[in-house]
Amino acid sequence: MNRFMTAERALRTAAPHELLDAIRAVLIEQYGAEDVELFMADYSLTVLQPVSVLPHTLEPVSVHNSPAGRAFGSQKPYREEGRDGRARLHLPVSVRGDRLGVLSVNFRESEAARERESELAEIADMLGHEVIVAERDTDLYLQARRKDRLTLAAEMQWQLLPGRSCSRPEYELGAQLEPAYAIFGDNFDWSATADHLMLYVTNGMGEGIEASLLTNLAINALRNARRAGISLADQAALADQAVYAHYQGRCYLSVLMFDFDLATGRASVVDAGSPQLLRLRKGVVERVAFDAQLPLGMFEETDYVAQDFRVEPGDRLVFVSDGVHAVASPKGEAYGDAALARAIHVTRLLPAAEVPRAILRELTGHRGKPVPDDDALVVCLDWHGRTSGS
């Protein structure tokens, strides 16, 4: 049995909480590594948290200015050379574009790290898939993602999300929420088939646990309708009925819904509330307005109508909640379209997965304080389109 197959078997047969121990043993024995560490990206995407010795962890490392952070941001292996001839190889741990963390492997000789880099990058990808499966049976990796305690509302919201990024040949998606450890009701959801991508961007009402409960009800109602195979407008209508039946109009939820045809770029859209869309096309940023319809759950038996929309290869779509668009500076000035357009221009060369975090950093400067008063949600979609051979 070759060493790669040994690594694969070790991960497949390890207990959920022992994945790192299993792969560390193989990399030391079969690949000549000196030491192996796994770092998980925290909820705010500011640090990489070590998994090794929970609950008494090693020091986290910065996402912004560390060798491991460089591998995480670029999603490419990064080799750190030591003066004594040693090397440390940092390998992104990701699953279909969803960036989980970094696997760091120490070698006594730099040449050994260079020779094994490609194979170890595949092992890091394999580890990412096993971590996702293992999270059904252990809290270890979810614990490692938090540098602070989550509020109960935030715990519920993060468990509701599909991931923070994903990629396919036709598109790349990235999203981020703030305050990461105390979010209320903002949310995003996506689901793809061979020919379609459905995307929901939600602006929740209220605060704390009540906001989270409302969003959980609405998102699960939308998913239930989506999985029944019905149209986008009917999904909105059924979710509207579910929310109204429970709250009787006291609480409601804004959502912007898209159903993209991956082959043509045509989309059906239902705009039921306040999330907004800005499009970067050929260097020009403009806000895209849709026919506004009632939020979900405001009135009984609201009918929704989908309208047509089209994206072109090269388009970047940036969706924001009112916690971004309407946030005020210390002087009372709203962030607004102009500031958003500047932020989208400044981040135009970043990959979609990096854009939400970068825009939210810009927003912090405008707000003048590190912790927002309202949820702030940014979703970025880069549309590549499908080639005739796809």
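Listing for the model above:
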{"quantity": "Selected residue [under 30 Å from Pro179 (Cβ atoms) and open to solvent by less than 30 Å² (accessible area, probe 1.4 Å)] from Ala292, Ala272, Ala267", "calculated": "Ala272"}
{"quantity": "Residue, nearest to Ala376 (Cα to Cα), within the stretch 172-194, restricted to residues that are among the hydrophobic types (A, V, I, L, M, F, W, C) and open to solvent by less than 40 Å² (accessible area, probe 1.4 Å)", "calculated": "Leu177"}
{"quantity": "Residues of the stretch 295-316 satisfying the condition of being under 17 Å from Val255 (Cα atoms) and open to solvent by less than 40 Å² (accessible area, probe 1.4 Å)", "calculated": "Pro295, Leu296, Gly297, Thr302, Tyr304, Phe309"}
{"quantity": "Output for the stretch 320-334, where each listed residue is under 19 Å from Leu278 (Cβ atoms) and hydroxyl-bearing (Ser, Thr, Tyr)", "calculated": "Ser321"}
{"quantity": "Complete set of residues in the stretch 341-361 that are under 16 Å from Glu178 (Cβ atoms) and surrounded by fewer than 20 Cβ atoms within 10 Å (Cβ to Cβ)", "calculated": "Ala358, Arg361"}
{"quantity": "Identity of the residue in the stretch 20-65, surrounded by fewer than 16 Cβ atoms within 10 Å (Cβ to Cβ) and either in contact with a His (Cβ under 8 Å, 6 or more places away or on another chain) or among the β-branched types (Val, Ile, Thr) (or both), that ends up modelled with the highest pLDDT", "calculated": "Ile28"}
{"quantity": "Some residue of the stretch 7-28 being under 22 Å from Ala113 (Cβ atoms) and in a strand (DSSP E or B)", "calculated": "no"}
{"quantity": "Members of the stretch 72-97 found to be open to solvent by 70 Å² or more (accessible area, probe 1.4 Å), part of a loop (DSSP other than H, G, I, E, B) and either over 19 Å from Ser165 (Cβ atoms) or in contact with a strand residue (DSSP E or B) (Cβ under 6 Å, 6 or more places away or on another chain) (or both), listed by number", "calculated": "Arg83, Asp84, Arg86, Arg96"}
{"quantity": "Given (1) on the phi < 0 side of the Ramachandran plot; (2) at pLDDT 95 or above; (3) open to solvent by 70 Å² or more (accessible area, probe 1.4 Å), number of the condition Leu256 does not satisfy", "calculated": "(3)"}
{"quantity": "Residue that is least open to solvent (accessible area, probe 1.4 Å) [pool: residues in the stretch 98-118 that are touching a Phe, Trp or Tyr at 6+ places or on another chain (Cβ under 6 Å) and not in a strand (DSSP E or B)]", "calculated": "Ala113"}
{"quantity": "Candidate set: the stretch 147-168, residues that are in contact with a Phe, Trp or Tyr (Cβ under 6 Å, 6 or more places away or on another chain) and not in a helix (DSSP H, G or I); chosen: the one surrounded by the most Cβ atoms within 10 Å (Cβ to Cβ)", "calculated": "Leu150"}
{"quantity": "Residue within the stretch 317-328 that is polar (S, T, N, Q) and crowded, with 18+ Cβ neighbours inside 10 Å present", "calculated": "yes"}
{"quantity": "Residues of the stretch 330-340 satisfying the condition of being farther than 12 Å from Arg287 by Cβ, open to solvent by less than 20 Å² (accessible area, probe 1.4 Å) and of a type in the set (A, V, I, L, M)", "calculated": "Ala339"}
{"quantity": "Leading residue by the ranking (farthest from Leu140 (Cα to Cα)) among those in the stretch 56-111 that are under 17 Å from the mean Cα position of the chain (by Cα) and among the polar types (S, T, N, Q)", "calculated": "Ser74"}
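Here is a yes/no grid of residues against (1) under 23 Å from the mean Cα position of the chain (by Cα); (2) part of a helix (DSSP H, G or I):
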{"residue": "Leu197", "(1), (2)": "yes, no"}
{"residue": "Ala211", "(1), (2)": "yes, yes"}
{"residue": "Thr215", "(1), (2)": "yes, yes"}
{"residue": "Ala218", "(1), (2)": "yes, yes"}
{"residue": "Ala221", "(1), (2)": "yes, yes"}
{"residue": "Ile230", "(1), (2)": "no, no"}
{"residue": "Gln235", "(1), (2)": "no, yes"}
{"residue": "Ala239", "(1), (2)": "no, yes"}
{"residue": "Ala242", "(1), (2)": "no, yes"}
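The values are calculated or read from the model by the stated rules, or taken from the named source; none is laboratory data. Everything numeric here is computed off the predicted structure, so don't read it as measured data. Backbone-built Cβ (ideal geometry, glycine too); neighbour counts: all protein chains shown. Protein only, heavy atoms only, side chains kept; ligands, DNA and RNA dropped before computing areas. Shrake-Rupley method; radii C 1.70, N 1.55, O 1.52, S 1.80 Å.
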